[in-house]
Amino acid sequence: MNVPVMTRGPLNMVGKQTDELVTDLVAASNVSKSFGDFTALGPLDIKIKRGEFVSILGPSGCGKSTFMLMVAGLLAPTVGTITVGNMLLTKPLTDVGIVFQDHLLLEFRTAMSNVMLQQEIRGLNRPATQQRAKELFDKLGLRGAEDRYPRQLSGGMQQRVSIARALVHDPSVLLMDEPFGALDAISRTQIRHDLEMLWMETGKSVLFITHSIEEAIGLSDRILVMSNSPGRVVKEIVVDLPRPRPAYLGHYPEFSAYADDIYKTFEELGIYHFK
Ligand code: ADP
Ligand code: MG
């Protein structure tokens, strides 16, 4: 097998080097997490290829956020292992950008200086990072917002700044935990499209957590549908729709087929009770 081995760059993750060759950028193997006697999720086997956009779609409390924190190396699995590149995660991952539902911007820093926090913390080259931040501001529709404070921005704009902050150091992995959950439907549609365009350009591996069926179909190469707690992957759906996908997905007959499939799975799991 001729598989490229990931090299360990200056910003790469910390942890133990594994000997295996890897084709997947992220690989969670037999992962479970318990808090005391309570099993929150698993066992899970989840892989994400380099450049792939994978969504985890599941009901509240099934362990989505817990799983994401484990991929970030911020929480250790109780059982199983997670590798990123060829590194077994034993410490927080650094080659990563994270976007949460809450923007988590510092109120006393402007939009640009929130993004440049990455440069300060990571000790990156300042002019190069500034240049990259400017490009991200342009691509994310943030031009003119550089000197504004978070409270002067709409919810959608705040999330755009969070996305810029998550990408300015050019990480291999982007983790997003219900990033558009608090936005109105109209802003959500626009930001979904803009994220898709940005992803198509940058080719990041994305783990996107959502409970929106439409968002998952609109964005993903692959959707992993999770059961109720303790969350396990009950269905994998490869979304074979052209990109960029339209705002109104009903445009595609295939969209309804994917959505039907997911609703049916949720009904079978007892998540929905339709009469
Ligand atoms: P989701 O993101 O899918 O809504 P979470 O990953 O936040 O779910 O939580 C999964 C389950 O694990 C929930 O029942 C939650 O209460 C529990 N849980 C999460 N973190 C902790 C923790 N630190 N200690 C105890 N229980 C936790
Ligand atoms: Mg959550």
Extreme residue, nearest to D170 (Cα to Cα), among residues of the stretch 45-88 that are among the charged types (D, E, K, R) and surrounded by fewer than 22 Cβ atoms within 10 Å (Cβ to Cβ):
R50
Just one of T129, T81, T94 is hydroxyl-bearing (S, T, Y), farther than 22 Å from W199 by Cα and modelled with pLDDT of 95 or more; which is it?
T81
Tell me which residues, restricted to the stretch 207-232, are within 22 Å of E254 (Cα to Cα), outside any loop (DSSP other than H, G, I, E, B) and away from ligand 1 (no atom under 12 Å from the Cβ).
F208, I213, E214, E215, A216, I217, G218, L219, R222, I223, L224, V225
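Which count do you get for residues in the stretch 63-103 that are among the small types (G, A, S), over 18 Å from V206 (Cβ atoms) and within 16 Å of ligand 2 (Cβ to nearest atom)?
The qualifying residues number 1.
I'm checking my understanding of the structure. Among residues of the stretch 93-143 that are β-branched (V, I, T) and free of Cβ contacts under 8 Å to residues at least 40 places away in the same chain, which one is surrounded by the fewest Cβ atoms within 10 Å (Cβ to Cβ)? So that I can check it myself, show each step before the final result.
Pass one, the stretch 93-143, residues β-branched (V, I, T): 94, 96, 98-99, 110, 115, 121, 129.
Of the ones still in play, those that are also free of Cβ contacts under 8 Å to residues at least 40 places away in the same chain are 110, 121.
On the way: T110: 18, I121: 9.
Ranking the candidates gives I121 first.
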Mind telling me which of the residues L249, L195 ends up being hydrophobic (A, V, I, L, M, F, W, C) and more than 15 Å from the chain's Cα centre (by Cα)?
L249
Checking R245 against (1) farther than 24 Å from M197 by Cβ; (2) modelled with pLDDT of 90 or more; (3) of a type in the set (D, E, K, R), which test does it fail?
(1)
Checking M176, M87 in turn, the sole residue that is under 24 Å from D24 (Cα atoms), within 16 Å of ligand 1 (Cβ to nearest atom) and either among the β-branched types (V, I, T) or touching a residue at least 40 places away in the same chain (Cβ under 8 Å) (or both) turns out to be M176
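The values are calculated or read from the model by the stated rules, or taken from the named source; none is laboratory data. Note that the structure is predicted; figures quoted are calculated from it, not measured. Using ideal geometry, Cβ is built from the backbone for each residue, glycine included, and neighbour counts are taken over all protein chains shown.
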